[in-house]
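K.L.:
Just dropping this structure here.
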């Protein structure tokens with residue numbers, strides 16, 4: 001155990017800090033759940049990419065920086081610590097990206113990854129269907145290979161596809177063997193959202209914005225080159241990269257540590273009011289202890305990965321931990337704000353442009369998306385503890 | 001930056017675990033519970049023969065010079081097997097205190113040498129603990145009188161026993177008279193020794209609590225996989241699964257907190273108090289959750305004397321408030337967190 005950063009790690013952190021200080025947008029960007037805000041975030045991503053800071057752990061040849069995981073954690077700490085914008089293309093970059101690196105052909109990597117790193121292509125996800133939510137293996141949308149083997153024909157419907165109305169591409173699982181069931185006969189596909197036969201219908205989310213969408217496929221032709229991994233192996237491809245990425249990459253500790261810091265500031269600025277309810281102080285303390293625990297767990301995991309360990313079902317403990325912690329922190333902020341908590345951003349009396357309210361609404365989704373916390377608890381019980389199905 | 005253990009440390013832990021698995025079986029625990037002294041000279045002897053009393057004694061005093069980080073693994077094993085012996089009090093907490101005395105202090109080398117060879121039992125007092133654990137069977141007591149640190153032979157004190165619900169804990173109220181002859185340190189030096197001893201005691205207990213949590217989880221997993229109702233193992237029901245998944249999650253996120261605190265103590269970092277208190281809170285909460293969920297999934301069996309779970313639950317309940325209750329540790333965390341200019345948030349997990 002040696003808890004000092006190496007000179008290289010320190011130098012990289014300094015570079016990131018200096019770059020952010022010089023380049024952070026003067027004004028907060030608009031919400032990326034709006035068209036205008038989405039494009040503002042795309043422009044910001046381009047700026048990050050030009051500084052080779054958009055995907056620091058990817059190899060340089062693919063638009064990345066070749067950083068180790070400690071440097072990645074440091075990047076995240078500097079990035080979120082500076083209050084930098086949310087990452088608009090992260091579903092592609094953090095979920096599809098690693099999948100392509102592990103399962104994609106060289107041609108696919110060269111074709112998709114640099115453009116993804118630069119956010120020239122924005123990616124939406126296509127997993128859930130109206131009757132396949134927690135039970136994802138119930139997918140019925142089909143991708144059937146043409147007789148000449150040149151393309152797939154896709155029919156069906158996906159839903160809860162985040163920011164799909166603004167995105168360029170969709171990735172997800174489709175049933176390529178019509179006679180198959182459950183986890184078998186699925187293929188992992190990349191589908192351009194401007195293809196003929198694609199219809200996208202926005203769904204208004206809790207915050208009133210078109211944050212996600214339903215996507216309908218009506219005889220959509222997709223070239224066979226867009227299949228990632230072998231035909232029928234889609235479930236395996238999707239699951240192989242699910243653990244570490246969903247657990248840690250997608251929600252690095254820094255963004256929650258940033259929330260904890262803001263919450264402590266909010267508490268200190270409103271102590272006279274907050275301390276009328278002694279349980280608030282407790283919850284504020286737990287924001288710090290919880291986010292520190294999550295950060296420490298990340299460093300421990302990253303160290304074990306560097307020594308060759310594989311991360312299995314314990315990734316599900318991450319999902320539960322960060323989503324419930326994030327919710328608790330935002331609930332605590334709302335309790336401190338009291339009657340001002342309900343005010344939206346355009347209310348003259350709103351506190352801090354209603355950012356706590358926005359975060360509170362989004363935090364409600366945390367225990368639901370990326371596999372509900374009930375499903376995660378089943379995974380922990382069955383695969384980590386070995387309890388019977 | 002490497003926040004993991006070395007292969008040697010992990011191998012050592014494995015060896016200790018294998019040893020205790022054989023030496024500290026629950027049946028033996030029950031037998032020792034029934035005795036007047038609550039202590040087994042044979043058990044202490046076999047612990048000493050394994051070298052476990054010598055772990056953190058410095059090498060020049062006949063020990064292995066192991067640090068707090070390695071002890072964070074060791075204490076988990078002591079907790080997991082709930083050994084009915086105060087090994088960590090002498091071999092870790094008292095050793096740390098004696099080791100911090102100025103080199104050349106007459107008693108230091110002598111006592112450290114005897115700890116290493118396993119021929120002395122030492123009980124450690126601290127103002128946060130109203131009673132002294134293992135005062136009765138001790139040969140030597142390290143006692144507090146304000147800032148003063150005294151080393152007092154058992155023959156010079158009167159001990160009134162106080163029964164604990166955990167029959168492995170033998171607590172004593174100690175009456176004694178401080179004298180110049182027993183004084184080891186005072187003033188600033190004394191304060192520093194007691195401050196460090198509180199951290200080491202709290203960390204020792206935190207590790208044991210985490211080990212206890214893991215043991216209670218393992219016992220519960222075994223039980224729910226066997227016990228059948230409605231024609232299937234109760235462990236197949238989601239309500240039961242989710243109880244135990246919550247325990248596993250709490251344990252998973254308490255571990256690195258314990259390790260971080262151990263490193264802070266070993267390296268005498270400025271923020272060590274808050275790190276140790278965080279560890280004590282996280283491990284205590286994991287242990288109490290494991291006890292609560294453990295008894296719940298054991299059903300009525302969990303409320304019996306017969307099922308082994310009770311021994312581990314009682315130890316967890318008792319240890320949680322030793323070496324500082326939650327109020328004390330929460331206050332220490334709050335003091336650090338709410339201080340003006342406190343370094344917290346992203347980027348301050350390892351550096352100020």
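K.L.:
With a 10 Å Cβ neighbour count serving as the proxy for reagent exposure, in which order, fewest first, do A:320, B:295, A:380 appear?
P.N.:
Working: A:320 24, B:295 19, A:380 27.
Arranged by neighbour count, lowest to highest, A:320, B:295, A:380 become B:295, A:320, A:380.
K.L.:
Stick to the Cα atoms of region A:241-384, pair each with every other, and give me the Kirkwood hydrodynamic radius in Å at one decimal. Intermediate results must be reported in sequence, preceding the final value.
P.N.:
Details: mean 1/r = 0.0616 Å⁻¹.
Across region A:241-384, the inverse of the average 1/r is 16.2 Å.
K.L.:
Within the P(r) computed for chain A, what percentage of the Cα pairs occupies the region above 25 Å? Could the numbers behind the result be given before it?
P.N.:
Working: 44381 of 75466 pairs.
Every Cα pair in chain A considered, those over 25 Å come to 59 percent.
K.L.:
Averaging sequence separations of C-alpha pairs under 8 Å and six or more residues apart, then dividing by the length of chain A, give the relative contact order as a whole percent. Walk me through the numbers before you get to the answer.
P.N.:
Numbers: 632 pairs, mean separation 48.1, N = 389.
Relative contact order of chain A: 12 percent.
K.L.:
Relative contact order of region A:123-234, please, whole-number percent, based on alpha carbon pairs below 8 angstrom and at least 6 residues apart. Before the final figure, lay out each step's value.
P.N.:
Details: 288 pairs, mean separation 34.6, N = 112.
Answer for region A:123-234 is 31 percent.
K.L.:
For n ≥ 4 DSSP H runs only, could you compute -39500 (n - 2.57) per run for chain B, divide by its residues and tell me the 222 nm figure to the nearest 500?
P.N.:
-17500 deg cm²/dmol
K.L.:
Something else about it: Rank-order B:226-239, A:59-72 by packing density, defined as the average count of other C-beta atoms within 10 Å over each peptide's residues, highest first. Mind dumping the intermediate values first?
P.N.:
On the way: B:226-239: 13.6, A:59-72: 17.6.
Ranking, from highest mean packing down: A:59-72, B:226-239.
K.L.:
Next question. Rounded to a whole number of µm²/s, how large is the Stokes-Einstein D of region A:24-121 at 10 °C and 1.306 mPa s, given Rh as the Kirkwood radius over C-alpha pairs?
P.N.:
Value of D from the Cα-based Kirkwood radius: 115 µm²/s.
K.L.:
Ordered by packing density, taken as the mean number of other Cβ atoms within 10 Å over each peptide's residues, highest first, how do B:111-120, B:41-50, B:266-275 rank? All intermediate terms of the calculation are to be shown ahead of the outcome.
P.N.:
Details: B:111-120: 20.2, B:41-50: 15.6, B:266-275: 17.7.
Highest-to-lowest ranking by the protection proxy: B:111-120, B:266-275, B:41-50.
K.L.:
When you count, for each residue, the other Cβ atoms within 10 Å and take the mean per peptide, how do A:323-336, A:2-15, A:134-147, A:353-366 rank with the highest first? Could the numbers behind the result be given before it?
P.N.:
On the way: A:323-336: 21.1, A:2-15: 14.6, A:134-147: 16.1, A:353-366: 18.6.
Top of the packing list down: A:323-336, A:353-366, A:134-147, A:2-15.
K.L.:
Across peptide B:237-248, how many C-beta atoms of other chains are within 10 Å of each residue C-beta, on average?
P.N.:
Details: counts 3, 4, 0, 2, 11, 7, 2, 6, 16, 6, 2, 10.
If you average over the peptide's residues, the count of other-chain Cβ atoms is 6.
K.L.:
Just rank A:282, B:340, fewest to most, by other beta-carbon atoms within 10 angstrom. Before the final figure, lay out the partial values.
P.N.:
Working: A:282 13, B:340 5.
Least to most surrounded, the residues fall as B:340, A:282.
K.L.:
If you average the C-alpha positions of region B:302-352 and of region A:304-326 separately, how far apart do those two centres end up, in angstrom?
P.N.:
Using only Cα atoms, the two centres lie 22 Å from each other.
K.L.:
Another question about this same structure. Restricting the count to DSSP beta bridges whose residues both fall in region A:123-234, what percent are antiparallel, rounded to a multiple of 5?
P.N.:
Details: 29 of 35 bridges.
About 85 percent, rounded to the nearest 5.
K.L.:
Percentage of Cα-Cα pair distances in chain B greater than 30 Å, rounded to whole percent? Don't jump to the answer; show the numbers that get you there.
P.N.:
Values: 22375 of 61776 pairs.
Taking all Cα-Cα pairs of chain B, the fraction more than 30 Å apart is 36 percent.
K.L.:
With angles folded into 0 to 90 degrees, how steeply does helix A:7-23 sit against the dominant principal axis of chain A? Use alpha carbons for both and round to 10.
P.N.:
80 degrees
K.L.:
Any chance you could give the angle, 0 to 90 degrees and rounded to 10, that helix A:278-306 forms with the longest Cα principal axis of chain A?
P.N.:
50 degrees
K.L.:
Moving on. Please work out the Cα center distance from region B:160-177 to region A:183-227, rounded to the nearest Å.
P.N.:
Here the answer is 69 Å between Cα centres.
K.L.:
Antiparallel DSSP bridges in the protein assembly as shown: what percent, to the nearest 5? Mind dumping the intermediate values first?
P.N.:
Numbers: 48 of 57 bridges.
That works out to approximately 85 percent antiparallel.
K.L.:
Please compute the modelled spin-label separation between residue A:279 and residue A:15, points set 7 Å along Cα→Cβ, answer in nm with one decimal.
P.N.:
Placing both labels 7 Å along Cα→Cβ, they lie 4.9 nm apart.
K.L.:
Once you have the alpha carbon radius of gyration of the protein assembly as shown, what is it after dividing by 2.2 N^0.38 Å, with N set to its residue count? Spell out each step's value before the answer.
P.N.:
On the way: Rg = 28.7 Å, N = 741, 2.2 N^0.38 = 27.1 Å.
Relative to the 2.2 N^0.38 Å estimate, the protein assembly as shown comes out at 1.06.
K.L.:
Take every Cα pair under 8 Å in region A:241-384 that's 6+ residues apart, average their separations, divide by the length, and report that relative contact order as a whole percent. Numbers along the way, then the final one.
P.N.:
Numbers: 143 pairs, mean separation 41.2, N = 144.
In percent, rounded to a whole number, it is 29.
K.L.:
In peptide B:336-344, what is the residue-averaged number of other protein chain Cβ atoms found within 10 Å of each Cβ?
P.N.:
Details: counts 1, 10, 8, 0, 1, 0, 4, 0, 9.
For peptide B:336-344, the averaged partner shielding equals 4.
K.L.:
Now a separate question. Any idea what angle helix B:68-80 forms with the longest principal axis of chain B, computed on alpha-carbon atoms, 0 to 90 degrees, nearest 10?
P.N.:
In chain B, helix B:68-80 runs at an angle near 50 degrees to the longest axis.
K.L.:
Also, quick follow-up: Measuring from centroid to centroid over Cα atoms, what is the spacing of region B:87-140 and region B:1-64 in Å?
P.N.:
Here the two parts' Cα centres lie 17 Å apart.
K.L.:
If you don't mind, there's one more thing I want to ask. Per residue of A:261-272, count partner chain C-beta atoms within 10 Å of its C-beta, then hand back the mean as an integer. It would help to have the intermediate numbers written out before the result.
P.N.:
Numbers: counts 5, 1, 0, 5, 2, 0, 2, 4, 0, 0, 1, 0.
Per residue, the number of nearby Cβ atoms from other chains is 2 on average.
K.L.:
Which one, B:170, B:292, B:315, has the greatest fluctuation when you compute a Gaussian network model over chain B with C-alpha springs under 10 angstrom?
P.N.:
Of B:170, B:292, B:315, the most mobile in the Gaussian network model is B:292.
Taken together, the values in this text are just the output of simple stated rules run on the coordinates, not laboratory data. The model shown is predicted, which means the values in this text are computed figures rather than measured ones. Here the Cβ is made from the backbone with ideal geometry for all residues, glycine too, and neighbour counts use every protein chain on show.
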